[in-house]
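Engineer: Dropping the structure in here first, questions after.
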Amino acid sequence: MSELTTSRGDLAADHGGFWDALDGRERAALRDAGRARTYRPRAPLCYQGDDSDHIIVIESGWAKVVSSSAAGHSVVLAVRGPGDLVCESAVLGRRERSATVQALDEVRALLVPAARFTAFLDAHPRVWMLVSRTFVRRLDDAGRRLRAHVSAQGARRLAILLAGLAEMSSRHAPAGPGGEVPIGPPLSQEELGSWMDASRETVARALAVLRDAGLVHTGRRRITVLDPPGLRAFAERPDD
């Protein structure tokens, strides 16, 4: 498996991803415990309801986290990208998985069996704190999403989501010459709508508002944030 990053990172750098915060010795030990795996677009990395048997560290590519109800209604909860730890909560909690993780594009990853991952954590106690911080950050992200749903509507709610995606994407690819940031995860309008609890039509109208404001450019499953500071300012202004 190739290097995900050459930077060291530390406990305060968990926004750069789980892998970024490991040192070279920890990365080598985790690679030895797992095996490389490639997932095609739309392939599941793990299924909601399955028993715990492995964790995954994404090397390259993007995946979405989806929760499905008994009636078959699915909701996008989050996206994960290079360096992120996924499918881990069930392993550490020793329960059935609470969500499905599905590849959005081709994903290369390191798959580590549950027993080997817990043995790795026991041998490297510092990493337990990294995993804990990952949980806390994701709880914080879920809280921010809930507050955005309560406080924002339409185009501003989408702007909040896209501003966060632009920040995430900028950690993995350089901005363009004009400061524009291509959104990494290839999300459809339906997936964006599911994530922001809105219809596809609402997402289409919101994208039109953001395009007319010169903030984004759109294509099929591709969005480029043309003016990240402007989009952030739009996201932070009150609804009319």
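Engineer: In deg cm²/dmol and to the nearest 500, what is the mean residue ellipticity at 222 nm of the chain if only DSSP H runs of at least 4 residues count, each as -39500 (n - 2.57), divided by the residue total?
Structural biologist: -12500 deg cm²/dmol
Engineer: Rolling a 1.4 Å sphere over the protein heavy atoms, what is the accessible area per residue of region 63-192, to the nearest Å²? The partial results should precede the final answer.
Structural biologist: Working: 5880 Å² over 130 residues.
In whole numbers, region 63-192 has 45 Å² accessible per residue.
Engineer: Run the dipole for the chain about the Cα centre, Lys and Arg Cβ at +1, Asp and Glu Cβ at -1, nothing else charged, and hand back the magnitude in debye, nearest 20. Intermediate values should be presented prior to the final figure.
Structural biologist: Details: 33 positive and 30 negative charges, 37 e Å.
I would put it at about 180 debye.
Engineer: Under the √(5λ) rule applied to the eigenvalues of the Cα gyration tensor, what semi-axes describe the equivalent ellipsoid of the chain? Give them in Å, descending.
Structural biologist: Numbers: eigenvalues 197, 81, 51 Å².
Gyration-tensor ellipsoid for the chain: 31, 20, 16 Å.
Engineer: Here is a follow-up. Could you order W19, W128, W62 so the one with the most accessible surface comes first? Probe is 1.4 Å. Don't skip to the answer; put the middle values down first.
Structural biologist: On the way: W19 0, W128 95, W62 20 Å².
Descending accessible area places them as W128, W62, W19.
Engineer: If you don't mind, another one. Rank these by accessible area, largest first, 1.4 Å probe: T224, T134. Mind dumping the intermediate values first?
Structural biologist: On the way: T224 35, T134 5 Å².
Sorted descending by solvent-accessible area, the residues read T224, T134.
Engineer: Could you order I223, I160 so the one with the most accessible surface comes first? Probe is 1.4 Å. Write out the running numbers ahead of the final one.
Structural biologist: Details: I223 20, I160 50 Å².
So, going from the largest accessible area down, we get I160, I223.
Engineer: Would you mind telling me the share, in percent, of accessible area of the chain contributed by carbon and sulfur at probe 1.4 angstrom?
Structural biologist: Numbers: 6160 of 11880 Å².
Taking all protein chains in place, the chain shows 52 percent carbon and sulfur surface.
Engineer: Is the shape of region 86-206 best called rounded, prolate or oblate, per the rule: a/c under 1.5 gives rounded, else a/b larger than b/c gives prolate, else oblate, with a ≥ b ≥ c the square roots of the Cα gyration tensor eigenvalues? Show your work: numbers first, answer last.
Structural biologist: Values: a/c = 2.09, a/b = 1.71, b/c = 1.22.
Prolate, since a/c reaches 1.5 and a/b exceeds b/c.
The values are calculated or read from the model by the stated rules, or taken from the named source; none is laboratory data. Here the structure is a predicted model, which means the values were calculated and not measured. Neighbour counts run over all protein chains shown; Cβ positions are idealised from the backbone, glycine included. Accessible surface areas use protein heavy atoms only, side chains included; no ligands, DNA or RNA. Shrake-Rupley method; radii C 1.70, N 1.55, O 1.52, S 1.80 Å.
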